[in-house]
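> Next up is a structure, given as structure tokens.
Derivation of every value follows stated rules applied to the coordinates shown; laboratory data play no part. This is a predicted model, so every value here is computed, not measured. Note that each Cβ is placed from the backbone with ideal geometry, even for glycine, and that neighbours are counted across all protein chains shown.
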Amino acid sequence: AWPRWSSRGLVPAVLLGALGTVVWVLLDSVQRQVLGALNLSDWLPARAGFQFDLQRMTAGDAVFLGVRFLGLAVVVPLAEELCWRGFLAPWLVNEDFQRVPAGQMTATSFCIVLGVFTSMHPEILAAIVWMSGMNVLWQRTGNVWACVAAHATTNLLLGIYIVQTGHWWLW
């Protein structure tokens, strides 16, 4: 069953999402600098990313970018938060996950959700800090929709940042 809509924690969630964007960009930069200084730049997999010349964008490019933003800011946050907090985190607490109170996590469930998410992102430092914040948001609000809002905010702002700066490797 879908989690019932609640506005609980939405304002802090959006603020966390905005802060998460800044943290993600800064920690990615730190990670790149440290790995570069240690001659380990190739240690982590890099994303090929999408690259657009905004000055020469075709109508097809604009449609693709629009669809990409829709996925980034709507589909991904909804799917991932329903997976991480709607299923995985509670299931790790109790296999009868629908009986687990919303927001309840154990140290094990916190760490496993954190680890799985982090393993999917080459920006390891950013992923650890961001997902830790999301787990705390889930614990404090018990509202999966607050987590969706935070995730959507981060992804939307990160997408705008990428398009504006040309830091396509973050995409």
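> Would you calculate the convex hull of the Cα atoms in region 81-170 and tell me its volume per residue in Å³?
Here the figure is 84 Å³ per residue.
> Can you give me the pair-distance distribution of region 10-50, C-alpha pairs, 10 Å bins, whole percents?
26, 36, 26, 11, 0
> Here's a follow-up. Full-extension gain between Ser119 and Ala107, please, as 0.36 nm times their residue separation minus the C-alpha to C-alpha distance.
Between Ser119 and Ala107, full extension yields 2.5 nm more.
> Using the 10 angstrom Cβ neighbour count as an exposure proxy, how do Trp169, Trp24, Trp5 rank, fewest first?
Ordered from fewest to most neighbouring Cβ atoms within 10 Å, Trp169, Trp24, Trp5 come out as Trp5, Trp169, Trp24.
> A further question on this structure: Can you give the Rg/Rh ratio of the chain, where Rg is from the C-alpha atoms and Rh is the Kirkwood radius?
The Rg/Rh ratio comes out at 1.00.
> At 0.36 nm per residue, and after removing the present C-alpha to C-alpha distance, how many nm does the segment from Val75 to Arg140 gain when stretched out fully?
Length difference between fully extended and current span is 21.0 nm.
> Counting other C-beta atoms within 10 Å, which of Met134, Met57, Met105 has the fewest, and how do the rest follow? If you can, show how the numbers build up before the last one.
Numbers: Met134 26, Met57 12, Met105 20.
Listing Met134, Met57, Met105 from fewest to most nearby Cβ atoms yields Met57, Met105, Met134.
> Give the residue from Leu16, Ser41, Val116 lying farthest towards the positive end of the charge dipole for the chain; charges sit on Cβ (+1 for Lys and Arg, -1 for Asp and Glu) and the dipole is referred to the Cα centre.
Going by the Cα projections, it comes out as Leu16.
> At R0 = 30 Å, how high is the FRET efficiency between Arg32 and Ser132 if r is their beta carbon distance? Nearest 0.05 is fine.
Plugging the Cβ-Cβ distance into 1/(1 + (r/R0)^6) gives 0.90.
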